[in-house]
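Below is one structure, written out as structure tokens; comments come after it.
The values are calculated or read from the model by the stated rules, or taken from the named source; none is laboratory data. All of these numbers come straight from a predicted model, not from anything done at the bench. As a convention, Cβ positions derive from the backbone with ideal geometry for all residues, glycine included, and neighbour counts pool all protein chains shown. Heavy atoms of the whole protein, side chains included, go into the accessibility calculation; ligands, DNA and RNA do not. Shrake-Rupley method; radii C 1.70, N 1.55, O 1.52, S 1.80 Å.
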Protein chains: 2
Amino acid sequence: MDFTLKHTATGSKARAGTLNTDHGRIETPIFMPVGTAGSVKGIHKKDLKEDIGAQIILGNTYHLYLRPGMDIIERAGGLHKFNGWDGPILTDSGGYQVFSLGAMRKLSEEGAKFQSHIDGSRHLFTPESVIDIQRIIGADIMMAFDECTPGDADFDYAKKSLQLTQRWLERCVNQMQKTKPLYGHSQSLFPIVQGAVYPELREQAARHVTTIPADGYAIGGLSVGESEADMYAMIEVVNPILPIDKPRYLMGVGTPVNILEAIDRGVDMFDCVMPTRNGRNGMLFTRNGVINIRNKKWADDFSPVDPDGTSFVDQNYTKAFLRHLIVANEMLGAQIASHHNLAFYLWLVKEARRQILADNFKSWKEEMVVKLAQRL
Amino acid sequence: MDFTLKHTATGSKARAGTLNTDHGRIETPIFMPVGTAGSVKGIHKKDLKEDIGAQIILGNTYHLYLRPGMDIIERAGGLHKFNGWDGPILTDSGGYQVFSLGAMRKLSEEGAKFQSHIDGSRHLFTPESVIDIQRIIGADIMMAFDECTPGDADFDYAKKSLQLTQRWLERCVNQMQKTKPLYGHSQSLFPIVQGAVYPELREQAARHVTTIPADGYAIGGLSVGESEADMYAMIEVVNPILPIDKPRYLMGVGTPVNILEAIDRGVDMFDCVMPTRNGRNGMLFTRNGVINIRNKKWADDFSPVDPDGTSFVDQNYTKAFLRHLIVANEMLGAQIASHHNLAFYLWLVKEARRQILADNFKSWKEEMVVKLAQRL
């Protein structure tokens, strides 16, 4: 995997780059749709590629490990063969999902013991096992096993948590070196910067990960309950320390405004369930603001879902029809809204890239963040 | 609307015809996907038309009347404009759904009083109001308001029920004559033959409807609990009485085998929720038999969903992946299975037509009904 930085915008840290993987090229900044169980919810993969323009998708290690399980994934020949997506895939480490289980998991130096949310069965994730699992999944980009420190953690907890993440990172790196890709394409491991909302810890975390040679670096533990100001401040602490010639991935973020603000601060890669999850609930993101399609005002609005939209769903369906489908709990409503939102997110990062390359990013961003935050 | 009978197969009553509507031509025999609330569940309309090959879809008057309601449909300019489907549409009369409400509806000479399954609100359907509603929906083919006699009705009940259906038919026809299409395209009314499983009643019902000049005739009240032998016997009673030069629509039927047997007995049009409803539960219909994709045996079957299938989903996804999606309750699983089944049903009637025109229907059908009934 190699990353080429094409341009950094004037008056901003926003970057345009190219990330080459064995499954194809990714133009950054990029948004990565989340395919939790190997499928982006409600979206056929041909639409994902051809209509939405996704360049890389995510899989969740925790979910895939539990179902269908590693035996099936390995016999399929990895996740690419299993789900048929032939572009790049990134997997998380399972850490975030395991920590979200709350009382159903227990942390120790060794790793995280947890109970399946499906059948209550007991499992153990360790830095080593999580690398082995991601080898079997065959992700182009694998994530290190970390503790996702809660947004409200006090300094002492955050510090101890970061130290655990750092020891686990070293075990992940060792396991990477001891193992090999299974399916003939190369796999990269991204370390994750934690440290909650404490600049001192974030700085130390960023310095620590740069001691590990890697193809890219991630910023984790943000958008987990802290304020947006804290989130942006942490990105500003971390990014100047990370190597300039490697991609930076802000995990699990966020709204369209969050994404533009993070691009402005030098982030290259994003993922979030918001476009699909909020879409299923009837929230549409557009370049003019946010639409809650359940609102009565759309009931007789026979204009297209999004006249400016790039996807076929934007032109083929009306707001009134989409509202009807969402209110009536029709599956097609969730499909259309998810599809629109993903196409919008992909348009947003593509347009951001265009503006960066045209050296117009900063003023474009300032205009956009006002419009994007409006409620229509 | 006009129907042209192209050919009747040798040694069978199977017919190939062409039905012209203001929204396009339908080649019979035809299967009509059901779009209960104006959308075929889980299927984008472009896929329905371009990939699945649907030529006409159904809307349910009961559902559309309750939600989004006639005000919205009328302001949209009818259902074609509201849902964007520009091909022919058939609507049922709401009778079947109302009678399915059981204790929540009450029948009288005037019509059917019922409570909404959504909010318990009280409504009245009469033969006249149901015609008015279907005028507003703007269906190319409207159905008469009838009582769908239960499959286990005794002779006396079935006889009285049929007489009510006949009186209601006359009121529907009167209301048709008093009203006009609202959107510039013509609308036809199909009378419905009831009579439960009593040949005497079915014969009388068939003779009665033929006294009404109509563009087509429907056979209702079958596949509602009676045996398959009774269903086929009733079709054999009714079809020889119906005009040879008008299409015959068997309502709500059925399995692929039911459809071929009914085509063999001279039926031209079909609708059923089975391909989508059973698809959502993991049942796939193929030309070699029925697959329950939840079965453990498919967990590691990495062959395409249906190697003989005509749809993109058949070739783009494997059985193992589809099983995983259905077991994990992923929306995409329901989409793939529904899509496959609809494409299969449309293939089945298209192939039946080809065999009729090639005068090979009877022997092809005999082979197919054995294969279709197998469990894989």
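Below, the figures for the structure above:
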| item | result |
| --- | --- |
| Nearest-10 value in Å² for the accessible area of B:MET283, using the 1.4 Å probe | 50 Å² |
| B:THR286 long-range amide H proximity, modeled H, under 5 Å | B:ILE291 |
| Where the protein assembly as shown is the region considered: accessible area per residue in Å², 1.4 Å probe | 36 Å² |
| Long-range amide H partners of B:TYR317 with built H, under 5 Å | B:VAL305 |
| Per-copy distances of the B:GLY120 label point, shortest first, in nm (7 angstrom along Cα→Cβ) | 3.5 |
| GNM top mover of A:MET269, A:MET231, A:MET104 - chain A, alpha-carbon springs below 10 Å | A:MET104 |
| Computed helical MRE - 222 nm, the protein assembly as shown, DSSP H runs ≥ 4 contributing -39500 (n - 2.57), nearest 500 | -12000 deg cm²/dmol |
| Beta bridges per DSSP with both ends in chain A, % antiparallel, nearest 5 | 50 percent |
| Segment B:269-280 - phi-based ³J(HN,Hα) in whole Hz, Karplus 6.51/-1.76/1.60, Gly and Pro as x | 9, 9, 9, 5, 7, 3, x, 7, 5, 5, x, 4 |
| ³J(HN,Hα) computed for each position of segment B:291-297 - Karplus, 6.51 cos²θ - 1.76 cosθ + 1.60, integer Hz, glycine/proline x | 10, 9, 5, 6, 4, 3, 4 |
| For chain A: relative contact order, % (alpha-carbon pairs under 8 angstrom, 6 or more apart) | 19 percent |
| ³J(HN,Hα) computed for each position of segment B:114-126 - Karplus, 6.51 cos²θ - 1.76 cosθ + 1.60, integer Hz, glycine/proline x | 8, 10, 4, 6, 8, 9, x, 4, 9, 9, 10, 9, 10 |
| Choice from A:GLU226, A:GLU109, A:GLU236 with maximal GNM fluctuation in chain A (Cα, 10 Å cutoff) | A:GLU109 |
| Too-long pairs where the Cα-Cα distance tops 32 Å, listed order kept, from B:LYS180/B:LYS362; B:LYS13/B:LYS159; A:LYS297/A:LYS365; B:LYS13/B:LYS46 | B:LYS180/B:LYS362; B:LYS13/B:LYS46 |
| Inter-copy label distances at A:LYS178 (7 Å, Cα→Cβ; nm, one decimal) | 8.6 |
| Most mobile of A:ASP215, A:ASP22, A:ASP300 in a GNM of chain A (Cα contacts under 10 Å) | A:ASP300 |
| Nearest-first distances (nm) between copies at A:ALA233, label 7 Å from Cα via Cβ | 8.3 |
